[in-house]
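Heads up: the structure comes next, in structure tokens.
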Amino acid sequence: MLLVVGLLLTAALVWAAVVSARRRTAALTAAGVAVPGGRRAYLGIGLTIAGVGVLAIATAGPAAMLPVPRTAGTVILAIDVSNSMGADDVAPNRLAAAQRAARAFVAAQPDSVDIGVIAFERGALTTARPAADHSLALKAIDRLKVTGGTSLGAAITASLTAITGKQVAVGRNGTAPDIGYWPSATIVIFSDGQDQGGDVEQAATLAQQANVHIHTVGVGTTDGATVKVDGYHLQTSLEEETLTLIAQTTGGGYHPASDTARLDGIADTIDLRLTVSDEPLPLAGGLIGLALALLTGGAAITVLRSGRVI
């Protein structure tokens, strides 16, 4: 509405200026006086009218749509809670260090990223569904406890289930369903890599076919440590081969983190998907500046030529 009123006002000013100029020219001609200045005589009022017109356009709040890249999509944090994650070769223990790194990762993500959490051992459980409310993911991470064995395959299929909203599983003969194409989804697995599930390659291939990248974070050291399970002391160490295979199969990356300091910086080493979306760039501020410049210029020229402001 303001734009229409402003443009009508501008048109009225143009009409008034033209009529006034014609009458003035006719009067001077009738009196036998030469018309001074030619077109330059009307430069000041022309700039003033142009300033009013630009100001009218600015009141409508115009904006230009520009493509802006940003991090967006869905990220599933799959965190190993098997017994071996209780080892203390990474202080205070592997699970606590992974939780700390996962919390730092969540804190580093913008609201445009939906984050979910999967806890896995021999099986896997969705403890927080993907959501823009990152506090839900942080609470789920804090609740994790050490228990059971390890199945990286279960971690992947449970993560794909959380991404697609449909139950995903690898068949007994190694076949897998078509789960569609999910290029904006990423899985980040925190684990020591000690897999006991057996279907990890098929699960990784399924993720690759859906264009879901998997980044793996190796928690622990290759020298390992002893962990007590059901009264027995078991030697456990970081197994990087399986974690590397998962990452390479899906187009992600393997990120070794043998100490707390490297885990704390893991968020900086994982590149998530970039999407390009059109976002409005307001133009009103620039147009108002241009309008003020035209109005000022018009007033200045009018004063210099006639000694008064029209």
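The values are calculated or read from the model by the stated rules, or taken from the named source; none is laboratory data. Treat the numbers as computed from the prediction; the structure is a model and nothing was measured. Cβ sites come from the backbone with ideal geometry, for glycine too, and all protein chains shown count toward neighbours.
Go through GLY123, GLY174, GLY148, GLY153 for me and flag whichever is of a type outside the set (D, E, K, R), modelled with pLDDT of 90 or more and more than 25 Å from the chain's Cα centre (by Cα). Lay out the reasoning, then the answer.
Details: GLY123 fails: modelled with pLDDT of 90 or more; GLY174 fails: modelled with pLDDT of 90 or more; GLY148 fails: modelled with pLDDT of 90 or more.
Just a single option satisfies the conditions, and that option is GLY153.
Here's the yes/no breakdown for (1) under 27 Å from VAL170 (Cβ atoms); (2) assigned to a helix (DSSP H, G or I):
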position: ALA98; (1), (2): yes, yes
position: ALA101; (1), (2): no, yes
position: PRO110; (1), (2): no, no
position: GLY116; (1), (2): yes, no
position: SER135; (1), (2): no, yes
position: ALA140; (1), (2): yes, yes
position: LEU144; (1), (2): yes, no
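Does ASP114 satisfy the condition of being of a type outside the set (Gly, Ala, Ser), surrounded by fewer than 18 Cβ atoms within 10 Å (Cβ to Cβ), within 19 Å of GLY73 (Cα to Cα) and within 22 Å of the chain's Cα centre (by Cα)? Talk me through it step by step, then tell me what you get.
On the way: of a type outside the set (Gly, Ala, Ser): yes; surrounded by fewer than 18 Cβ atoms within 10 Å (Cβ to Cβ): no; within 19 Å of GLY73 (Cα to Cα): yes; within 22 Å of the chain's Cα centre (by Cα): yes.
For ASP114, the condition - of a type outside the set (Gly, Ala, Ser), surrounded by fewer than 18 Cβ atoms within 10 Å (Cβ to Cβ), within 19 Å of GLY73 (Cα to Cα) and within 22 Å of the chain's Cα centre (by Cα) - is not met.
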Check your understanding: Counting only residues that are of a type in the set (S, T, N, Q) and either in contact with an Asp or Glu (Cβ under 7 Å, 6 or more places away or on another chain) or in contact (Cβ under 8 Å) with a residue 60 or more places away in the chain (or both), which one in the stretch 100-154 is farthest from GLN167 (Cα to Cα)?
Key -> GLN109
Point to revise | Top-ranked residue of the stretch 278-310 - restricted to ones that are farther than 18 Å from VAL52 by Cβ and in a helix (DSSP H, G or I), ranked as modelled with the lowest pLDDT | key: SER306
